[in-house]
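So the structure is just underneath, and the comments pick up after that.
What follows is calculated from the coordinates using simple rules that are stated; it is not laboratory data. Here the structure is a predicted model, which is why all the values come from computation and not from measurement. We place every Cβ from the backbone using ideal geometry, glycine too, and count neighbours over all the protein chains shown.
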Amino acid sequence: MSREHKPTDATLRMDRRQLLSGLASTGLLLGSTRNSFGQARVPVTGGDVAPLPIAIPNFVAGTPGDAEVGAGVSQVITNNLKRSGLFAPIDPAAFIERIVDSDKAPQFQSWKQINAQALVTGRMTRQGDGRLKAEFRLWDVNTAQQLTGQQYFTSPEYWRRIAHIISDQIYERLTGEKGYFDSRVVFIDETGSKERRVKRLALMDQDGANVRYLTRGSDLVLTPRFSPSTQEITYMEFGQGDPRVYLFNIETGQREIVGNFPGMSFSPRFSPDGQRIIMSLQQGGNSNLFVMDLRSKSTTRLTDTPAIDTSPSYSPDGARICFESDRGGKPQIYVMPATGGGAQRISFGEGSYSTPVWSPRGDYIAFTKQGGGQFAIGIMKTDGSGERILTSGFHNEGPTFAPNGRVVMFFREPGGSGGPSLFTVDISGRNELRVPTPGFASDPAWSPLLS
Amino acid sequence: MKVKVDKTVLASVALHVFVLGWVMVSFSTKALEMPPEDSVSVDVISPDQLAKVMAGMKTGKKENPKPLVDKIAEAKPVDEAVGKITEKAPVVTETAPAPQPKVEEKPVEKKPDPPKVVEKPREEPKQESVEKKPDPVKPDPIAEAIKKEEKKPPPKPVQAAKPPEPPKPKVERTFDQSKIAALLDKRDPSRQAAAGETLNSNAALGLAKGAAANNSATWGSMFKEQVLRCWKKPYGGLEAARFEVEFNIKLKRDGSLEAMPVAVSSASSPYQRVFLESGLRAIIECSPYRLPPAFFTEWQAFIPVFDNRDQ
């Protein structure tokens, strides 16, 4: 292996590259240890999937009054990235360099010393017109390069939202997947004793901030679901008579009953285009799936069985529906075309399966599995293969996917006198975290990305 | 009343007191002495390190970077460099040259012979199997033919089964040759010449089977160990297809990077780009690398291949 053997000719190098990639793709090269030029190929295999060490110093204040919001933004970003489990934000106490001008390249050596691999710098500046300007840059410390940079204008009260958007940018650039931080969660807030529980419809940012209550708690509400395209929520409410499916506008606070059906209507969910609502209607001892067009109010029956068909959920392309049915004896998950017709059972494990929900990425269906005195949250591929239990315990229920399909949120009841609370878990089963809520919380539903 | 004291008891007590007292005094003053030992330096090495032992000899010197090489040939290390080198050159004896010319001449002449010889064995076995004893009974033409050449007629079955014997006339010479070969083998050299790419008269410390000299797995694994410490492998989801990214890296003698690593592979998806960048970061962050200086020529330029398998 002398130096003369090294490739110097550009065309030669190209040839070799093509050759290598060609061979590698056919698997021929995997065992060889030297290339044609005698250079050793050193395999670097294994290595743990490890969170990326990232430094997020406080955003620089453009004007003296912006120091607080600068610190707040970096705090929100730090929290978001840390909770994702894919990043390890470094304690600001370890920082050596103090960023004073986010336009200049930082001293990479001082960030290298504290083992940061990525660095986020930014600046918040209040404009003359009252708006807030947010700028950020993401640096690769080791290669001393800027990976991405962006600036936004917003009204000052939406600074958290800006922090979420920046978090998404960082997440996407460093993981290769779309983020999910700029999203909200609707859930049922529960207060009071177990016998006299007050349940209110509530809305919050995905990190638990900005909680808003949408109903007053006089009526029992269940299974809220986000519209994928509008600022609307559909849910089931027990009013004076039978439970009914309602539509609720977050902006205006208006609500209306979806359709006028005899008997109970429940487990509603929007279609991916937001134009239709699919739900269960009770007919005697059975229930069947119906879809209603929100504009024309026309209703179409999708199933007609002497069984309980419920919990329908569309695939992201709107072509198929997964739902729960006990037509086979025990509740199991079935998949059928969105227009109705032949349904195929996809769950075959021990126990019963319920509350299926299709991932926004289309690759998985999450479910609640009951058996052996345990409630588990799991995912399976859309053909029923590759079942994977993410968590299991006394009572876990109601999975909902993050907008990027990488995280599942659900609620857990510990049993005893306590109440339910919300948790997130990665679809690999790692990084289970409690979501902070003011009181007890159940029935979460994740919104799509807001932007 | 007078107490009668036994004198023997008194004597015993006195003796005990004396002896014990003497023991206490004499023992308390003397410290145990340990003669100072010569210290022996001991290296503790792991099996892993043992695998990285250089090619060399137990008697070699640590400072010598390269294994002993007596002659230039395909690398072939030796166990002990004791005794004279015995070249395994063809030993030409006085008798040997003589048969060789004969062999050259005879093949041509003898070619007619072998067929005859070959025929015989074919027929003989038949006879034996069909009728065991009576050779002369049958007026077979074949039998007659055999009689004509009655040299071997009552062959032991074993001999008969050996057709390749025929070229007996020649055999004597070939026999000689093999004997010479056997002789040569017996005269095993006290040691063989250590062969290698370049001559080197000083033996290095190590083992004959030390693989470090021409095995990138050793310094390669050292590199891998070091780079893994900095590598934050990105998570590719549950079903990331297996792929590899390659880098061209050049190192200086002190193990630091001579230039920025260059990715040979190109990324075809966002995840692959992130994966590639993570490898790049790791290579840069973990430099300088501590690699065996003896193999600088090996690792001054090489190709780390990052693989996304979980292991």
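Obtain the radius of gyration and the Kirkwood radius of chain A from its C-alpha atoms and give Rg over Rh. A ratio of 1.05.
Listed by Cβ neighbour count within 10 Å, with the fewest neighbours leading, A:K112, A:K330 appear as A:K330, A:K112. Residue by residue along A:47-55, Cβ atoms of other protein chains within 10 Å of the local Cβ number 6 on average. Residues A:F401, A:F248, ranked from the fewest to the most other C-beta atoms within 10 Å, line up as A:F248, A:F401.
Legend: ranking of residues A:D189, A:D101 from fewest to most surrounding C-beta atoms inside 10 Å; resulting order A:D101, A:D189.
In order along segment B:8-25, the Karplus-derived 3J(HN,Hα) couplings, from 6.51 cos²θ - 1.76 cosθ + 1.60 at θ = phi - 60°, round to 5, 5, 4, 4, 4, 4, 4, 4, 4, 4, 4, 5, 4, x, 5, 4, 4, 5 Hz, and Gly and Pro are given as x. Dipole size of segment A:185-446 about its Cα centre, with +1 on Lys/Arg Cβ and -1 on Asp/Glu Cβ: approximately 60 debye, rounded to the nearest 20. By the scheme Lys and Arg +1, Asp and Glu -1, what is the net charge of all other residues having a beta-carbon under 13 Å from that of A:D383? The answer is +1. Can you give the FRET efficiency to the nearest 0.05 for A:F348 and B:E225, using r as the Cβ-Cβ distance and R₀ = 60 Å? With R0 = 60 Å, the Cβ-Cβ based efficiency is 0.85.
Peptides A:193-199, A:405-411, A:270-276 ranked from most to least packed, by the mean per-residue count of other Cβ atoms within 10 Å: A:405-411, A:270-276, A:193-199.
Within 10 Å of the Cβ of each residue in B:276-285, the mean number of Cβ atoms contributed by other protein chains is 5.
Separation of segment A:67-102 from segment B:256-286 is 25 Å, based on Cα centroids.
Taking amide H atoms as placed 1.01 Å from N in the peptide plane, the amide H of A:V44 lies under 5 Å from those of B:V305, B:F306, B:D307, each 5 or more residues away in sequence or on another chain.
Taken residue by residue and averaged, Cβ atoms of other chains lying within 10 Å of the Cβ of B:223-234 number 5.
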